[in-house]
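In what follows, a structure is listed as structure tokens, so that the remarks can point back to it.
The values are calculated or read from the model by the stated rules, or taken from the named source; none is laboratory data. Note that the coordinates shown come from a computational prediction; the quantities given were computed from them, not determined experimentally. Here Cβ is always computed from backbone atoms with ideal geometry, including for glycine, and neighbour counts include all displayed protein chains.
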Amino acid sequence: MSSQTTDLLRLGAAGLARELADGRVSAIEVTRAHLERIEAVDGAVNAFLARNADDALATARGVDDARAAGEQLPPLAGVPIAVKDIACTQGLTTTAGSAILRDWVPPYDATVVRKLRAARMPILGKTNMDEFAMGSSTEHSAFGPAHNPWDLTRIPGGSGGGSAAALAAFEAPLAIGSDTGGSIRQPAAVTGTVGAKPTYGGVSRYGIIALASSLDQIGPCGRSVLDTALLHEVIGGHDPADSTSLNAPVPPVVAAARAADVSGMRVGVVRELSGEGYQPGVRQRFDEAVTVLQAAGAQVVEVSCPHFEYAIAAYYLILPSEASSNLARYDAMRYGLRTFPDGVADPSAEQVMAATREAGFGAEVKRRIILGTYALSSGYYDAYYGQAQKVRTLIARDFEAAFDQVDVLISPTSPTTAFGIGEKIDDPLSMYLQDIATIPANLAGVPGISVPVGLSPDDALPVGLQVLAPALADDRLYSVAAALERDLTTIWGGPLLDRITDLADSDGGDTAVAAPGTQPVARAVDPTRQES
């Protein structure tokens, strides 16, 4: 790999945008460098389900031609991006990680994809995900799990593990994710990247394959807070095609990220989102980050949100109920997979539907459809779904009461670092608990962001801190996250992702994907220690 290619991969979105605007590099060079990186490492990472090389290079060529002609271009023109395979892309397969949509090519673009095209951003491809976004590890993908670039034997989070892994492996500088219960923030936490869930309705869901319509939210993912904010401003805004879209301006998230100012800000540590069940190293790094915020001028207080402890129970009634309704459209009649039952000469529509759903849906999807159908059935609706919605209201009131006292709330993003592939796949309850800290924000519709705060001393893997803010106050997230990023980078001596290195296992094979330009050296257990 040439030194120029290495530099391009390391720059990030903001740096690439500067280089492109100043004419020091072409969009073709930038796009080709990332496509070559995907070719080199994605066989090990499995972050991409579909690659889009020809179209991406055509977009890049158009950017270069327009710039040469003196055309005024959008800020991120020529900066490549990866898109979670839950967003419809005209002419490019969209599977939602499911065999039932294995070869489906949408006839239209999702609004978020249309905005990326309008911003002249080359789309590198579609990223791996848990089937229909149901999971916390990307192990429920019908196309094999994605792998964490920090340690290829571990999960990159879910459901958006492919987008997070692509960022951490330097395959893309930016990515699109979706967050129904933490599927942007939790992958960001375990891969040492940044991921934001905007206020519900802040980014259009038109053209997004639905899981749970009252919870789903599209959002930006990056390797830095500023990069993530830049993408947020591209994809945010009102969309008449989406009935849940907010008719409100995009909060000034880029300005907030550049300012990185928390002086005088009231920061609440959520009592219910810590303690038992949290890995000691996760808690240690979180406590250190709190100290950093205090040193930057924030006033930190403890806040109680008593109904948060019921969030997982409520979520796993509301989500399956909405999913069972949304997934009813996969009936083998209109689009997607169609499978005929064995040994039936003239099958009925019902028999074809049953055979198709049996063959096309994975175990986790079937589990949640059954649970949701039961919760919505006659005689159980009020006892289960109705009660869960009442708890949802109580959680929203907890947020309102908390934000009367503080400007933002913080907690660890995930209770643990990345666990091993296969470790929790047969234990759904343990898997569901990975989202214990992220789910409340989706139930209430408030925005959240995860920012890396170091490596756990337990296993030298990334730890994320979550910031939550009131609805439409997304800019506060970026202020806090950017302040942490700035001050912790000073402690680390550089970006956390620079610490991804080759780590030889006992058989001599690589168990981690090297950051471009790094040497195969051991990762530091203590991220506050300077590298020698």
The helices (runs of 4 or more DSSP H) lying wholly within the stretch 266-364 that contain at least 1 residues that are hydrophobic (A, V, I, L, M, F, W, C) and closer than 20 Å to Ala402 by Cα are 280-295, 311-326
* Asked: surrounded by fewer than 20 Cβ atoms within 10 Å (Cβ to Cβ), under 30 Å from Val269 (Cα atoms), at pLDDT below 95 and among the β-branched types (Val, Ile, Thr) - does that describe any residue in the stretch 500-511?
  -> no
Asp55 meets each of (1) assigned to a helix (DSSP H, G or I); (2) among the charged types (D, E, K, R); (3) in contact with a strand residue (DSSP E or B) (Cβ under 7 Å, 6 or more places away or on another chain); (4) surrounded by 18 or more Cβ atoms within 10 Å (Cβ to Cβ) with one exception, condition (4)
Reported set for the stretch 115-157 where residues are part of a strand (DSSP E or B) and hydrophobic (A, V, I, L, M, F, W, C) is Ile123, Leu124
Expected single match for over 20 Å from the mean Cα position of the chain (by Cα) and more than 20 Å from His140 (Cα to Cα) among Arg367, Arg357, Arg392 is Arg392
All-but-one check, Asn52 against (1) under 24 Å from Ser159 (Cβ atoms); (2) out of contact with any Gly (no Cβ under 7 Å at 6 or more places or on another chain), failing number (2)
Of those in the stretch 180-217 that are under 19 Å from Ser321 (Cβ atoms) and under 9 Å from the mean Cα position of the chain (by Cα), the residue surrounded by the most Cβ atoms within 10 Å (Cβ to Cβ) is Ser183
On the basis of being in contact with a strand residue (DSSP E or B) (Cβ under 7 Å, 6 or more places away or on another chain), surrounded by 24 or more Cβ atoms within 10 Å (Cβ to Cβ) and not charged (D, E, K, R), does Gly78 make the cut? no
In the stretch 89-114, residues that are surrounded by fewer than 24 Cβ atoms within 10 Å (Cβ to Cβ), part of a loop (DSSP other than H, G, I, E, B) and not polar (S, T, N, Q) total 9
Determine whether Ile421 is within 30 Å of Ala168 (Cβ to Cβ) and surrounded by 13 or more Cβ atoms within 10 Å (Cβ to Cβ).
yes
When (1) surrounded by fewer than 18 Cβ atoms within 10 Å (Cβ to Cβ); (2) more than 26 Å from His147 (Cα to Cα); (3) modelled with pLDDT of 95 or more are applied to Leu20, the one that fails is (1)
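Can you tell me how many residues within the stretch 194-252 are of a type in the set (A, V, I, L, M) and more than 24 Å from Val451 (Cα to Cα)?
Going through the stretch 194-252 one residue at a time, the tally reaches 8.
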The number of residues in the stretch 280-309 that are at negative phi and either surrounded by fewer than 19 Cβ atoms within 10 Å (Cβ to Cβ) or at pLDDT below 95 (or both) is 17
The condition from (1) more than 15 Å from Ile312 (Cβ to Cβ); (2) over 19 Å from the mean Cα position of the chain (by Cα) that Pro412 misses is numbered (2)
When restricted to Val408, Val446, Val467, Val451, the only residue within 27 Å of Val203 (Cβ to Cβ) and touching a Phe, Trp or Tyr at 6+ places or on another chain (Cβ under 7 Å) is Val446
How many residues of the stretch 133-160 are of a type in the set (D, E, K, R) and touching a strand residue (DSSP E or B) at 6+ places or on another chain (Cβ under 9 Å)? The answer is 2
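Go through the stretch 3-41 and give me each residue that's basic (Lys, Arg), without any contact (Cβ under 8 Å) to a residue 12 or more places away in the chain and outside any loop (DSSP other than H, G, I, E, B).
Looking only at the stretch 3-41, we keep the residues that are basic (Lys, Arg), and these are 10, 18, 24, 32, 37.
Filter again for without any contact (Cβ under 8 Å) to a residue 12 or more places away in the chain, leaving 18, 24.
Once the filter is applied, which keeps residues that are basic (Lys, Arg), without any contact (Cβ under 8 Å) to a residue 12 or more places away in the chain and outside any loop (DSSP other than H, G, I, E, B), the stretch 3-41 yields only Arg18.
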